[in-house]
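Since every read-out is calculated from the coordinates, none of them should be taken as a lab result. These numbers come from a predicted model, not from an experiment. A quick note on method: Cβ atoms are made from the backbone with ideal geometry, for glycine too, and the neighbour counts reach across all protein chains shown.
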Amino acid sequence: MKEIYLDNAATTAVRSEVIDAMQPFLAEIYGNPSSLHTAGQKSKRILEQSRDEVASILQAEPNEIFFTSGGTESDNLAIKGFAFANSDHGKHLITSSIEHHAVLNVFQELEKQGFQVTYLPVDHYGLVDPEIVKNAICSDTIMISIMLANNEIGTIEPLKEITALAGERGIAVHTDAVQAVGKIPVSVTDLGVDLLSLTAHKFYGPKGVGVLYKRYGIKLAPLFEGGRQERILRPGTENIPGVAGLATALRLAARELDSETASLSTMRNRLEDGIISRIRHVTLNGHPHKRLPNISSLNFAFLEGEALLLVLDTKGIAVSTASACSAGSDEPSHVLQAIGLDPVASRGTLRFSLGRNNTPEEIEYTIDAVAETLEQLRQLSPMRETG
């Protein structure tokens, strides 16, 4: 049976070049980078070389790069760390209604601790209107957190406009760029953000390692206590194999960005055109143009998306109904509801997220597989079309 992986927004396969880059630091160069002896300083050297490389690609300074365990920790450290360190300047925070739960749940927790949070609506494309952001700002606002690109529908937010108006008022801006890095150009200088989160496993690096960019001068409180690693902000022995893998994966992604974008966009468009032309009542979720090149969120009316997912799985095709972090939840997608889908209709959505290992032949196979099974499933669905 074929194995076609179309869930790259959940995680990606680790590239062979990345595995090769990590290997020496698993068995040969394994000293603790905080140790002063030669073995430790070998590890320290690759830690700082990786930091330099990540900083260069993001157009940041090396002392603005902090290694973490992944996107969730980076989001928590950015948002909680800033809120706790700057609460004497205000306790009002702004975010959007379609953020990843690694962001939304942090804000909900901060509300329990006395902070006020404004959750901004989005339009039917999933876009945040900068004018609505402007109107939400008050004298007590200290932070805005808006994702760079949505993980479920792929919509890219107008972040530069938001950072411009925030900068005029001295408000810090954080962005969850987990889905965007490796898919579109990401420069902290160009975006004008103060804090940015990313994780390696979304761009063919290892799981369990991420980055928080913190602009120099921004105050953060650590999430936990420990040693002096990562300039005290993120204590704990650094994951040297993971850091080496992250830097290698990011370098390769940056080098191949233009060609990968073109290839992914072509296959994604063919997938959408093929499905929509052959199947009735299929609509695209998200913006048709302002979106990532690899994500296609399609709504199939009169159908439970999970049923189609399971049938596709028997044919060797891996897709998702929402983000991986929401898998298994009975709750409808908060993203799809925010763009105007009712809870019943939102359950008919599948997310196809393509990656560098997919081929045009796999896309054609997927189109055929979806078309062959969907009408049959609709006949069995209690939501089927009538009249």
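Using a 10 Å Cβ count of at most 14 others and DSSP loop calls, identify the longest part of the chain lacking such GluC sites (Glu not before Pro).
Values: sites that count: Glu3, Glu28, Glu225, Glu256, Glu385.
Within the chain, the longest run free of exposed GluC sites (Glu not before Pro) spans 29-224.
Rounded to the nearest 500, what is the chain's calculated 222 nm mean residue ellipticity when only DSSP H runs of at least 4 contribute -39500 (n - 2.57) each, over all residues? Write down the numbers at each step before the final one.
Numbers: 14 runs with 159 residues, N = 387.
Calculated mean residue ellipticity at 222 nm is -12500 deg cm²/dmol.
Based on DSSP loop calls and a cut-off of at most 12 other Cβ atoms within 10 Å, the longest stretch of the chain free of exposed chymotrypsin sites (Phe, Trp or Tyr not before Pro) is what? Working shown, then result.
On the way: sites that count: Tyr216, Phe224.
Longest site-free region, per DSSP loop and neighbour criteria: 1-215.
Quick check on the stretch 53-190: take the gyration tensor over C-alpha atoms, sort the square-rooted eigenvalues as a ≥ b ≥ c, and tell me if it's rounded (a/c under 1.5), prolate or oblate. Before the final figure, lay out the partial values.
Numbers: a/c = 1.40, a/b = 1.17, b/c = 1.20.
Rounded, since a/c falls under 1.5.
What FRET efficiency comes out for Gln116 versus Lys207 if R0 is 30 angstrom and r is the Cβ-Cβ distance? Round to the nearest 0.05. Working shown, then result.
Details: r = 35 Å, r/R0 = 1.16.
Once rounded, the FRET efficiency stands at 0.30.
Within straight cross-link reach of Lys2, meaning Cα distance under 21 Å, which lysines are found once same-chain residues fewer than 8 apart are removed?
Lys315
For the chain, taking Cα atoms only, what is the radius of gyration to one decimal and the Dmax to the nearest whole Å?
21.6, 78
Can you give the longest stretch of the chain with no exposed loop site, where a site means trypsin sites (Lys or Arg not before Pro) in a DSSP loop (not H, G, I, E or B) with at most 15 other C-beta atoms within 10 Å?
On the way: sites that count: Lys2, Arg169, Lys219, Arg228, Arg280, Lys290, Arg384.
Within the chain, the longest run free of exposed trypsin sites (Lys or Arg not before Pro) spans 3-168.
Taking the alpha-carbon distance from Lys207 and a cut-off under 24 Å, which lysines remain once sequence neighbours fewer than 8 residues away in the same chain are dropped?
Within the straight-line cut-off, Lys207 pairs with Lys42, Lys44, Lys80, Lys183.
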